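Structure first, commentary second.
The values are calculated or read from the model by the stated rules, or taken from the named source; none is laboratory data. Every value quoted in this text rests on a predicted model; they were computed, and no experiment measured them. Cβ placement follows ideal geometry from the backbone for every residue including glycine, while neighbour counts extend to all protein chains displayed.
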DNA sequence: TACATTTCTGGAACCGATTGCAGACGAGGA
DNA sequence: TCCTCGTCTGCAATCGGTTCCAGAAATGTA
């Protein structure tokens, strides 16, 4: 492994000049720059990022804390974040923050503290106030996806508005007997999501003068089996069956559709279903959905932290930014069957 | 940010002693150790991993190169790898190696080279010989999941045996008209997987004296929509419909089942379906499958590289290790209907 | 008691870069 | 012609630890 000294010798210049030539800052004549560059490539020289970090104080690493990896929404965020970081020359350090209390505190107390990352992106964390303030206390640029999170600039769709939009779509089609299948508060997600989507649902009902009661809402796991279970439960009893279901996520919606199919309930003739996400499987199931783009949200979060890193003194203008979400019509929603039950 | 010097001053000892006390190597009396520890915690001191890496040459980082993130198999591997790494005090640097040629070369030529990782885990990469040798040339411990990969110790299920097992299960049930839905060679995966599973399928047919011809095999995308499309195509024509389908992955199998349901073909009465993976959705679809455990494979890969890192001179005994995969029976397979077509 | 070991500690060199400073040089302006 | 300013380069200090070495203290052994 050749060091900067070897390159300097070979190019017949000093270490300082090599450093300036390769990093591109400071004055170097183009002729020596070329000498240095060819010497470096002949030796296969690459800078030691450790040595360089030591003096500059910059690691070129960004830490990403995420509660789940193996789920479409989260996986897409990681993909988006990774691409954006690599594009900008940063490395991505991944921390999967599960519910495991030991692992959690280890991440906060050991890993994040060790001056190894320049910035942090926190993805829809259900995070304790202690944990949030220990993040802020690092004094590093932070961005969150989800939230809002105390003291941290965050980014997400407007969950209330998205849920309202979905529900309004059903109402506009003429549905009056609508149920919401939402998230389980014990899930490994920023619980704001669940309560806000429920809120948007309720808002839309209220605005249309439709009643909301204990039977209008079922909580389940935020995945296909969760939606399936909820669907079986809801649709099993023909007398209290709604004509439309707003599922808080497409995976849940797909589960509901599978349950409906199994019960011989036709979608959308007997039951309209709408979700949120525009999941890749939505097409296959003809699922009408409110589209959001997690990969892009990941990129935006990267922008947020990188800009803080690279333009001194810049801080994000808003503590919470909402990104657009719009309706994607497919075949799982339609007007209720004429003379439908109740 | 207080440095080691401040701790030394406060504890009334030298930098050297602080370093020994906190790192636990070398002799330190327990009394001074305590002095140092309390001084350190009072100051909120944490070592600079850069400075420490600079002299030790160890970064405590492991790079993970993976072609896809947002897919069950890959996501599970990442989860397993992450957990195992954090447990052992290492950080995970994630590189998503897509087909994008620019991004690829950037990862190989820029990121991996910069002395930032102690070891590398390469996950089912479709990797060029050049890329493989540039990995080996880094001279760092490497482990692969998938493979075999030239010169790199790898780890996977025995794909041929798993495919044979699946096919034999169908044959044992009495099926003689079996098709295989496998992976598309253009997919972003180690193509070995596809050809080996096809191989195992052919082996099992041959061993049972069953014919294999061009109509026995369909290639498609390795996901649910891919399986659905293949299913529609295969099952659409009643006259050449098989009584059983072996799908090379559970996601594909689920797609096939969805297609069958849509065509009114009963699983397993009219069609048996088996997959590989034991995907979390297998339960929901009653899918019989050959189970493998990607999270555990991730952990094993971590073991492989960490052991190389921490026990000098140790190298993995086998260039390729196979991990077990066993049949999980559910309701998607059964004997063919008596007097079934052809 | 004398000597050999083991434990403990500090000084100083070192890891491999970056950067402030100062000196040298050439070009343009007065 | 003399000055100033911008360009170019090298020296040396610095980032924040780790570790070799040597000497002192404590412990064990003959």
* Asked: Here are some conditions: (1) surrounded by 24 or more Cβ atoms within 10 Å (Cβ to Cβ); (2) within 30 Å of residue A:143 (Cβ to Cβ). Residue A:332 meets all but one. Which one does it not meet?
  -> (2)
* Restrict the check to segment A:265-281 and report whether at least one residue is closer than 26 Å to residue B:221 by Cα, assigned to a helix (DSSP H, G or I) and out of contact with any strand residue (DSSP E or B) (no Cβ under 8 Å at 6 or more places or on another chain). => no
* Determine whether residue B:39 is within 8 Å of DNA strand C (Cβ to nearest atom) and either at pLDDT 95 or above or in contact with a helix residue (DSSP H, G or I) (Cβ under 8 Å, 6 or more places away or on another chain) (or both). => no
* Structure fact -> Of the candidates B:227, B:182, B:174, the one satisfying the condition of being in the same structural domain as residue B:277 (by TED's automatic domain parsing), at pLDDT 95 or above and touching a helix residue (DSSP H, G or I) at 6+ places or on another chain (Cβ under 6 Å) is B:227
* Flag if residue A:58 is surrounded by fewer than 19 Cβ atoms within 10 Å (Cβ to Cβ) and either farther than 29 Å from residue A:301 by Cβ or free of Cβ contacts under 8 Å to residues at least 40 places away in the same chain (or both) -> no
* Asked: Does residue A:44 meet the test of being surrounded by fewer than 18 Cβ atoms within 10 Å (Cβ to Cβ) and away from DNA strand D (no atom under 16 Å from the Cβ)?
  -> yes
* When residues of segment A:87-106 are filtered for being buried (at least 20 other Cβ atoms within 10 Å of the Cβ) and facing chain B (nearest Cβ under 9 Å), how many remain? -> 6
* Asked: Among the residues of segment A:68-77, which ones are touching a strand residue (DSSP E or B) at 6+ places or on another chain (Cβ under 9 Å), within 8 Å of another protein chain (Cβ to nearest Cβ) and not in a loop (DSSP other than H, G, I, E, B)?
  -> A:72
* Asked: Do the conditions hold for residue A:33, that is, is it more than 11 Å from DNA strand D (Cβ to nearest atom), free of Cβ contacts under 8 Å to residues at least 40 places away in the same chain and more than 34 Å from the chain's Cα centre (by Cα)?
  -> no
* Taking into account only those residues within segment A:235-258 that are in a helix (DSSP H, G or I) and out of contact with any strand residue (DSSP E or B) (no Cβ under 7 Å at 6 or more places or on another chain), which is surrounded by the most Cβ atoms within 10 Å (Cβ to Cβ)? -> A:255
* Considering only segment A:1-10, state which residues are in contact with a helix residue (DSSP H, G or I) (Cβ under 9 Å, 6 or more places away or on another chain) and near DNA strand C (Cβ under 8 Å from one of its atoms). => A:2, A:3, A:4, A:5, A:6, A:7
* Specify the residue that is surrounded by the fewest Cβ atoms within 10 Å (Cβ to Cβ); the eligible residues are those in segment B:1-30 that are touching a residue at least 24 places away in the same chain (Cβ under 8 Å) and more than 11 Å from DNA strand D (Cβ to nearest atom). => B:10
* Answer yes or no as to whether residue B:89 is outside the structural domain of residue B:306 (by TED's automatic domain parsing) and modelled with pLDDT under 95. => no
* To do: Residues being within 28 Å of residue A:195 (Cβ to Cβ), away from every other protein chain (no Cβ under 12 Å) and not in a loop (DSSP other than H, G, I, E, B): count how many of those fall in segment A:109-139.
  => 11
* Look at residue A:52 and say whether it is free of Cβ contacts under 8 Å to residues at least 24 places away in the same chain and at the interface with chain B (Cβ under 10 Å from one of its Cβ atoms). => yes
* Would it be correct to say that residue A:65 is in contact (Cβ under 8 Å) with a residue 60 or more places away in the chain, assigned to a helix (DSSP H, G or I) and closer than 30 Å to residue B:75 by Cα? -> no
* Which residue out of B:64, B:117 is in contact with a strand residue (DSSP E or B) (Cβ under 6 Å, 6 or more places away or on another chain), within 14 Å of residue A:49 (Cα to Cα) and surrounded by 20 or more Cβ atoms within 10 Å (Cβ to Cβ)? -> B:117
* Restricting to segment B:11-24, what's the tally of residues that are more than 10 Å from DNA strand C (Cβ to nearest atom) and assigned to a loop (DSSP other than H, G, I, E, B)? -> 1
